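Encoded as structure tokens, the structure appears first; notes follow it.
What follows draws every value from the coordinates through simple rules; no lab data is involved. Keep in mind that this is a model prediction, so the values were computed, not measured. Every residue, glycine as well, gets a Cβ built from its backbone with ideal geometry; the counts of neighbours run over all protein chains shown.
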Amino acid sequence: MSKNTALVSLVLNTALLLIAFLAFSYIAHSISPFTILETEKISLEPNVTDPDADKLTVTYTAPLNENGEWQTTYGDAGEYNAVITVSDGIINDSRDVLIIVKKKEEQPVINSLMPTETALSIKEAESINFKISASDLNKDNLIYEWFLDGKKVKDGEEFNYSTGYQDAGSHKILVRVSDGTSSLSRKWGVNVENVERALVFNKIGNRVLNEGGELRIELNANDPDGDEVTYHADNIPEGAKLEENIFSWKPSFDTVKKEGFADIVMGKFRALSKNFYIQFTAVSKDKKIAQNVVITVKDVNRAPELEDMETITINEGEILKIVPKAYDLDGDKISISYSGFTNTDTFKSGFDDAGTYYVKVSASDGLLEASKFVQINIKQSNRAPVFSKIEGIRAKEGDNIAILLNSYDPDGDDISYSIDNPQEESSLKGNAFFWTPSFSTAGKKETKGIDLVFAASDGKAETRQIAKVMVSDKNRAPRIIDASKSIAAKINEPVMLFVKAVDEDKDELTYTWDFGLLEKYKATPTHQRTFTAKGAKLIKVKVSDGIDEAEQVINVNVA
């Protein structure tokens, strides 16, 4: 048994000697706290007695085992409350025990380390993986820090040191492990050897373009070691140039030539082309790299050229002759075609051909064509407008009459319209004639025929057309302009009723008074009436010109 264990047992035994003899078993009233360090063992052996000499049973709670012992370890620091209970099977007695475990500080320990060598050597662009594993007896959380040339670069148990092509030289790798209180570290020396790298020349690739097109190639090469790069080109075609790292070329339309029948046929199918083989070279110090590039120039067929044509003027009956001037830049055979007013270069004009026309002249090499328009002016003799027939019109006085004049000019001249005998309240706007015959146009119950004479003019000649209009008399109904409307009357006393009407046709008017119950009277505009019964009376009076009539309602309240 260790000294600490013996001391604890002695203290406990001394405390238990103070037990009083009661009617039941018990343990000392209080037990002082026990203080130990991590990794030490505590063993409690309480001294218990029973006045009845009964067999006693002692039990313990965690962290003590069934024997009252506890072997501590790292990480157990803290305060623990245990309970000791003694029992004779009937009566129990318990006491609390405070156990204080103090931390026993230990430095972290390295378990494994990679690489094991401390002096290392690699080449540029290579890498080394560093790894460390450590533990702490106190079970503290460990912190891993990696440093490259004195600068922290990573946390954790691993660090991969990857080098670039600028890292040649000596470097220091350090890892530090800390539990927050104490720490340890390990160092490595790494020598990075310089690597001479090849010149890098970006791929150019073959190019295809048309005659007349523009080609621009930017040469891009670089020396990883930072040396200056220059560029060269061999077999460059005529008109091309290389300035610094830019190659440019605009092949002319004569670059691909048709030199035989086969070329002409290939040209017709747009399959004629020519290849140019150029070698581009990038040079840096004693390093050199070249690329062979094929530039394919495709033949471009150009449309024929057709000169502008002046306006051609002839008189009716003369012969029109069109003489275009066309040529082809590629020397291809040209065919001329015409469309529009005529489909040939020669045309015999007739009397009805006067006017302005356009002929489309097209020049074609079999693939492409160019077109121009030529204006043809054919002078004519003026012809009078042709006036369409105007059908007869029937209307009544007061009706709205509209006549749309229709004519055309054989020469295509603008036409204006006029009327020789304009009627009252009529108007002519453009080719539209409007008229509302007044109520005095026709006699009573008559129909009057009126011939309206219209003229169509092209400014040089006129054509007239007569429109027959039959206007019938239209009766206008009488109008009541004043009347009795609401009258208060007394029983058996006469009351005067009246109605006042006018007739715009000055027809004789008749008046019919309707008092209901089959009481209707033809009378004058005034009527006297005596009512013998009281109440509300509704009286109607109708005014008639023999054709149409107007009605007035009069309300009479008899009191």
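Some values worked out for this structure:
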| read-out | value |
| --- | --- |
| Distant alpha-carbon pairs in the stretch 479-558 (separation over 23 angstrom), percent | 20 |
| Estimated vicinal HN-Hα couplings, Hz - the stretch 174-188 in sequence order (Karplus 6.51, -1.76, 1.60; Gly, Pro = x) | 9, 10, 10, 10, 9, 9, x, 10, 10, 8, 9, 9, 9, 10, 9 |
| Rg followed by Dmax, in Å, when the stretch 413-488 is reduced to its Cα trace | 20.1, 78 |
| Gain upon complete extension [ARG479, LYS348; 0.36 nm per residue less C-alpha separation] | 39.8 nm |
| Euclidean distance of C-alpha centroids, the stretch 447-470 and the stretch 354-381, integer Å | 42 |
| FRET efficiency estimate (nearest 0.05) - Cβ-Cβ, VAL200 to ASP234, R0 30 angstrom | 0.90 |
| Cα shape, the stretch 273-353, gyration tensor, a/c 1.5 rule | prolate |
| Calculated from backbone phi, Karplus (6.51, -1.76, 1.60) coupling profile of the stretch 437-445 in Hz, x at Gly/Pro | x, 6, 6, 9, 5, 10, x, 4, 6 |
| DSSP-assigned coil residues among trypsin sites (Lys or Arg not before Pro) in the stretch 474-545, each with at most 14 further Cβ atoms within 10 Å | LYS485, LYS490, LYS506, LYS534 |
| Relative exposure of MET470, MET496, judged by other C-beta atoms within 10 Å (fewest first) | MET496, MET470 |
| For the chain, diffusion coefficient by Stokes-Einstein and Kirkwood Rh (Cα), 10 °C, 1.306 mPa s, µm²/s | 37 |
| In order through the stretch 548-559: 3J(HN,Hα) via Karplus (6.51 cos²θ - 1.76 cosθ + 1.60), integer Hz, x for Gly, Pro | 10, 9, 10, 10, 10, 9, 10, 9, 10, 10, 8, 9 |
| Cross-link reach list, lysines versus LYS203, counting only Cα pairs under 30 Å and skipping chain neighbours closer than eight places | LYS123, LYS241, LYS250, LYS274, LYS285, LYS287, LYS288, LYS298 |
| Fewest-first ranking of LEU142, LEU37, using other Cβ atoms within 10 Å as the exposure measure | LEU37, LEU142 |
| In nm, spacing of pseudo-spin labels at ASP227 and ASN492 (7 Å Cα→C-beta vector) | 15.0 |
| Length-normalised contact order for the chain - Cα pairs under 8 Å, 6+ apart - percent | 6 |
| Theoretical ellipticity at 222 nm over the chain - DSSP helices of four or more residues, -39500 (n - 2.57) apiece, nearest 500 | -1000 deg cm²/dmol |
| Distance violations [Cα-Cα > 23 Å] among LYS445/LYS520; LYS131/LYS172; LYS104/LYS131; LYS445/LYS506 | LYS445/LYS520; LYS104/LYS131 |
| Spatially proximal lysines relative to LYS333 (Cα-Cα < 17 Å; intrachain offsets below 8 disregarded) | LYS257, LYS258, LYS268, LYS325 |
| Degrees, to the nearest 10: 3-16 long Cα axis against longest axis of the chain | 90 |
